[in-house]
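Below: the structure, in structure tokens.
We did not get these values from a lab; they are worked out from the coordinates using the rules stated. Here the structure is a predicted model, which means the values were calculated and not measured. Positions of Cβ are generated from backbone atoms using ideal geometry, with glycine treated the same way; all protein chains shown enter the neighbour counts.
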Amino acid sequence: MSKPKILIQLDPDDQPSVFDSVVAIDSGVDQLFRHHSVQNSDVEGLVHGAIFTRGPKDLHNTAIFIGGHNVHDGEAILKKVQSAFFGPMSVSVMLDSNGANTTAAAAVLSASKHIDLSKAKVAVLGGTGPVGQRIARLAARQGAHVAVGSRLLNRSESVCDELSQIDSKWSLTSFATQSDNWIDSIRDATVLFAAGAAGYELISSDELQELSELKIAIDLNAVPPAGIAGVDVMATGNEVHGTMVYGAIGVGGLKMKIHKASLGKLFTANNLVLDANEIYDIGSELIG
Ligand SMILES: NC(=O)c1ccc[n+]([C@@H]2O[C@H](COP(=O)([O-])OP(=O)(O)OC[C@H]3O[C@@H](n4cnc5c(N)ncnc54)[C@H](OP(=O)(O)O)[C@@H]3O)[C@@H](O)[C@H]2O)c1
């Protein structure tokens, strides 16, 4: 008889994410262990508890999910988790701090339904947050030119520097929205993502009209006002004046499917590491 599926939720925040826990249960996890305030120094002991309790043939029924609101903290925990594995003694692990990987995958896949991203000029407003950074990374990986936006130039520059360290061939530029005529920096954009903090408009209708090449506009902010003025939060590829538009809840449906499919995949082997690219690829298979 196969062992129960155990998911070990490692969350660096004071309270482990309820959202992540509910999705885990809804994805068919039998037992969920919720660890909060997880520090790097805690990780080795937690991982040893996971890998030394079941024999190698049963380890695919144990998996680790790394959440929390800070992606950099999540990435540091992921490194520690991997370094605690050895030989066949490992379990599969998924990183989705703040929902960044699943949300970015859903947003970029939504765009890719309508446009060849390898030829696209992508602009990411709010490109310094967890979701925006992952969108920039996934779009750049497809070969798009990506303009990363922030209110402050030094913040968007630093994201571009970090992304260039993943692949120096990626085509990246930075821009600042707290500057006069900032719209000139993205005037040729064909795809626009808004990944700003909830409840803030990042681009007005007048500014939007200046983007004459725009084919796709995707807003991830569900809290009014919309991040992209005029975008309906429920939109799922609605055509508005020749632009395909998605709102946050419109993208959220695919995001939830990707999150659940990724959790399901964890229990198919004991050596998977699901980060931005792998989660994107799972989403890609889902939409066919
Ligand atoms: N639809 C879904 O399924 C889903 C799932 C997860 C998240 N979300 C949404 O996706 C969006 C991005 O999430 P996130 O966690 O990456 O966001 P975040 O970290 O809260 O914010 C992203 C960026 O927004 C900018 N920002 C902050 N306050 C601002 C303000 N007052 N005015 C303008 N810009 C401001 C900041 O960039 P600078 O300081 O560099 O300008 C920040 O780095 C959020 O709206 C979130 O609610 C949607």
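Okay, here's what the table says:
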| item | result |
| --- | --- |
| Test: ILE77 is surrounded by 19 or more Cβ atoms within 10 Å (Cβ to Cβ), within 16 Å of the ligand (Cβ to nearest atom) and of a type in the set (A, V, I, L, M, F, W, C) | no |
| Pairs where the first residue, in segment 184-201, is over 14 Å from VAL124 (Cα atoms) and the second is within 10 Å of the ligand (Cβ to nearest atom) and β-branched (Val, Ile, Thr), C-beta under 9 Å, 6+ apart | ALA198/VAL223; GLY199/VAL223; TYR200/VAL223 |
| Within segment 21-49, considering residues that are assigned to a helix (DSSP H, G or I) and touching a helix residue (DSSP H, G or I) at 6+ places or on another chain (Cβ under 8 Å), the one farthest from ASP73 (Cα to Cα) | ASP26 |
| Members of segment 146-185 that are crowded, with 19+ Cβ neighbours inside 10 Å and in a strand (DSSP E or B) | VAL146, ALA147, VAL148, GLY149, SER150, LEU172, SER174, PHE175 |
| Strands (runs of 3 or more DSSP E) wholly inside segment 211-288 that include at least 1 residues being at positive phi and not acidic (Asp, Glu) | 236-240 |
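Here is a yes/no grid of residues against (1) within 14 Å of the ligand (Cβ to nearest atom); (2) touching a Ser or Thr at 6+ places or on another chain (Cβ under 6 Å); (3) among the hydrophobic types (A, V, I, L, M, F, W, C); (4) under 15 Å from GLU210 (Cβ atoms):
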{"site": "SER164", "(1), (2), (3), (4)": "no, no, no, no"}
{"site": "PHE175", "(1), (2), (3), (4)": "yes, yes, yes, yes"}
{"site": "ALA189", "(1), (2), (3), (4)": "no, no, yes, yes"}
{"site": "ALA197", "(1), (2), (3), (4)": "yes, no, yes, no"}
